[in-house]
Amino acid sequence: MSDDEADPELLALLRQALMGKPTQDDEPETGVLEGAEYVCDNSIDAALDMRSTKNAAAAIYEQMQQKNYSPSTWSDHELHPKTKDEGTVAFIFLMDLLNFSFWSEKPESERFAVSYRDRRWTGYWSLVASIQRALDEVNPSQGIPITDPHFWQNEDECTLDALRQVFRSTSDEEIPLLEERLACVREAGQVLYEKYQCSIPNLISAANGSAAALVNVLARDFSAFRDEHKFEGRRKPVRFLKRAQIFVADLWACFEGEGYGAFRDIDKITMFADYRVPQILCGLGCMSYSPKLDAAVRAGQLIESGSSWELQMRGCSIWCVELIRREIVRQDPDAKVNAILIDFFLYDTMKEMEAAGKESMPHHRTRSIWY
Ligand SMILES: Nc1nc2c(c(CN[C@H]3C=C[C@H](O)[C@@H]3O)cn2[C@@H]2O[C@H](COP(=O)(O)O)[C@@H](O)[C@H]2O)c(=O)[nH]1
């Protein structure tokens, strides 16, 4: 480098100091979309169908408009918290710290389920119901302050029994991965105590209004959010960061892009690679599996976390939703959609289909803390 060329790093620092905020080329990236495209380009057991993806984009967009899908749809769900305050921030953090692996091998009547407000809740909603129920039960003299980071880092109070009480089931089956959930909560309590004064708003502030930066901070500071995996011969791990991303998305949706939910680069958040959206993408014909993988999924075979099959299904799903988003925007450049809202719509639609007994194929079964 010749003497008169300043160091780009130094320039960026000076620019940041002078401007007080990052400029375009300083904006962080999560790397999730790049990794998903790489996985999809190198998949042989999962593939996308372009014609079906284009057709699905039109149908999805039409239904999203009919249902007026927007960030405020999030708060319409009966169990989601309604107040727009720091308590709800803590609720969403805990919810997305534990938003994983609810599926059961038991028959519907015997699976883990939570009774709340005179209804039986399963799956993701059993998690939300459990937290709401704990908050209803907590008062100065009793109950478990399950959304309080001070409680999380207190090993004498935040015990396996306390968590078992929060997630008590109406059946003999307890919530899957209970011990792993305790480890996630305790780690979060420790990190928040050591780095963020036990304050989740301080954690959010560390991202300086960037959704991608907040996802990266979560993956950097909390192993429980570090959803990244080695795929085939690729040197860099592929990053799916599903729960880190859905935490940012839930904040954005709940607070409708204001206050704790204000992120200037929210559209950098991708689809959340779980076990429900791949299921509906297959049902729509957008994604399909090789005969062996298809047979394994239909047979309910356990597919190992971090295996090539699993990473192909997750990576192709993320990339498929990105292609759906691009097709919607191509058809309507003014469309107010991003990968988050398309994802929320697909998840909710899959749950409606499940309730109506219209699942064309089962979801894949991987047991992990990542989704
Ligand atoms: N990709 C994606 N995955 C999602 C959600 C949600 C719930 N989000 C709410 C917020 C806004 C939306 O409108 C939803 O109402 C849960 N999951 C994942 O699904 C699995 C649970 O499935 P089941 O056991 O059948 O309930 C598990 O991996 C869980 O992490 C989502 O939105 N997108």
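The values are calculated or read from the model by the stated rules, or taken from the named source; none is laboratory data. Since the model is a prediction, treat every value here as computed from it, not as a measurement. Cβ atoms come from the backbone with ideal geometry, glycine included; neighbour counts cover every protein chain shown. Heads up: the accessible areas ignore ligands, DNA and RNA and are worked out on the full protein's heavy atoms, side chains in. Shrake-Rupley method; radii C 1.70, N 1.55, O 1.52, S 1.80 Å.
Along its three principal directions, the equivalent ellipsoid of the range 8-355 from the Cα gyration tensor extends over semi-axes of 30, 28, 20 Å, largest first.
Rank His150, His77, His229 by accessible area, highest first, at a 1.4 Å probe radius? If you can, show how the numbers build up before the last one.
On the way: His150 105, His77 50, His229 20 Å².
Highest to lowest solvent-accessible surface, that is His150, His77, His229.
Note on the chain: with a GNM built from Cα contacts shorter than 10 Å, the maximum mean-square fluctuation among Ser317, Ser290, Ser130 falls on Ser290.
Structure remark: mean-square fluctuation, Gaussian network model of the chain, C-alpha springs under 10 Å; the largest value among Pro28, Pro149, Pro333 belongs to Pro333. Note that the range 35-86, at 10 °C in a medium of 1.306 mPa s, gets a Stokes-Einstein diffusion coefficient of 109 µm²/s from its Kirkwood radius over C-alpha pairs. In the elastic network of the chain, a GNM with C-alpha springs shorter than 10 Å, the most mobile of Gln63, Gln312, Gln132 is Gln63.
What FRET efficiency, computed as 1/(1 + (r/R0)^6) with R0 = 56 Å and r the Cβ-Cβ distance, is obtained for His150 and Asn55, rounded to the nearest 0.05?
0.65
Figure legend: label point modelled 7 angstrom from the Cα of Lys236 along Cα→Cβ; residues of the range 270-306 with amide N under 17 Å from it are 270.
Rounded to the nearest 20 debye, the dipole magnitude of the chain is 900 debye, with +1 charges on Lys and Arg beta carbons, -1 on Asp and Glu beta carbons, and the Cα centre as origin.
Given the pairs Lys67/Lys268; Lys195/Lys351; Lys230/Lys351; Lys84/Lys236; Lys292/Lys358; Lys84/Lys336, which are separated by over 27 angstrom at their Cα positions? The answer is Lys195/Lys351; Lys230/Lys351; Lys84/Lys236. For the chain, the solvent-accessible area with a 1.4 angstrom probe is 45 square angstrom per residue. For the range 262-347, with all protein chains in place and a probe radius of 1.4 Å, 54% of the accessible heavy-atom surface sits on carbon or sulfur. Candidate cross-link partners of Lys54 among the aspartates and glutamates, defined by an alpha-carbon separation under 15 Å and a same-chain spacing of 8 or more, comprise Glu62, Glu322, Glu327, Asp332. Accessible area of Thr270 (1.4 Å probe, protein heavy atoms only, ligands and nucleic acids ignored): about 10 Å². Full extension of the chain segment joining Gln66 with Gln197 gains 42.7 nm, where the gain is 0.36 nm per residue of separation less the Cα-Cα distance.
Taking the 1.4 Å solvent-accessible surface of the range 170-221 as the whole, the part contributed by carbon and sulfur is 47%.
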